[in-house]
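The values are calculated or read from the model by the stated rules, or taken from the named source; none is laboratory data. Given the structure is predicted, the values throughout are model-derived calculations rather than measurements. Positions of Cβ are backbone-derived with ideal geometry, glycine not excepted, and every protein chain shown enters the neighbour counts. Please note that ligands, DNA and RNA were not included when accessible areas were found on the heavy atoms of the full protein model with its side chains. Shrake-Rupley method; radii C 1.70, N 1.55, O 1.52, S 1.80 Å.
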Amino acid sequence: VWYVFIHLTDIVYQFENLRLGFAGTPGYLSPEVLKKEPYGKPVDIWACGVILYILLVGYPPFWDEDQHRLYNQIKAGAYDVKKEKQYRFSRANVFRLDPSPEWDTVTTEAKRLIDSMLNINPSRRISAADALKHPWICVSLNVAKSQLFFLFANERERKTERERERKEANVNRTD
């Protein structure tokens, strides 16, 4: 009995003194996580901002082979630095990135959404509900809906045409 008690006590002691590191891919971690501050839902918006950035231009906003420098970039909200990229502050008080040529086809609204998602201040970061109401998302959804309608309308026309051709072929066979 004493052996089991001592063993359990040792397990509890080890668990209480366990130091957990960061969980997640380093480039997606938000500044508040890296600063070991309390965090909540805005960390997910940050990660979504990183993903959106990657989807739009094909490379991550924060990158360095040295993890310490990478974390410093994230904490400062300084997007990936390359010679051809220009940085300036936006109204959201975060660094803006307008490199060429990757960003030439990205709309201003998309850039504003990324800025609001990658705001280093979690209380000023856009919420999920507000992100879904963002003009870039709404316009994109409307475009997608109209494209889907167009595709379905075209498919309906093709299906009707195929059915007409089959009926004509069946009529010709019976003759």
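Quick one: 3J(HN,Hα) in Hz for region 61-78, Karplus 6.51/-1.76/1.60 with θ = phi - 60°, rounded, Gly and Pro as x.
Values, residue by residue: x, 10, 7, 6, 5, 8, 4, 4, 5, 4, 4, 5, 4, 5, 4, 7, x, 8 Hz.
Order of 31-44, 158-171 by packing, highest average Cβ count within 10 Å first?
Going by the mean number of other Cβ atoms within 10 Å, highest first, we get 31-44, 158-171.
With every protein chain kept in the model, how would you rank SER30, SER127, SER116 by accessible area, 1.4 Å probe, largest at the top?
Sorted descending by solvent-accessible area, the residues read SER127, SER116, SER30.
For the ranges 117-123, 67-73, what's the packing order if you count other beta-carbon atoms within 10 Å of each residue, average per peptide, and put the highest first?
117-123, 67-73
Probe 1.4 Å, all protein chains in place: accessible area of LEU55 in Å², nearest 10?
We get 140 Å² for LEU55.
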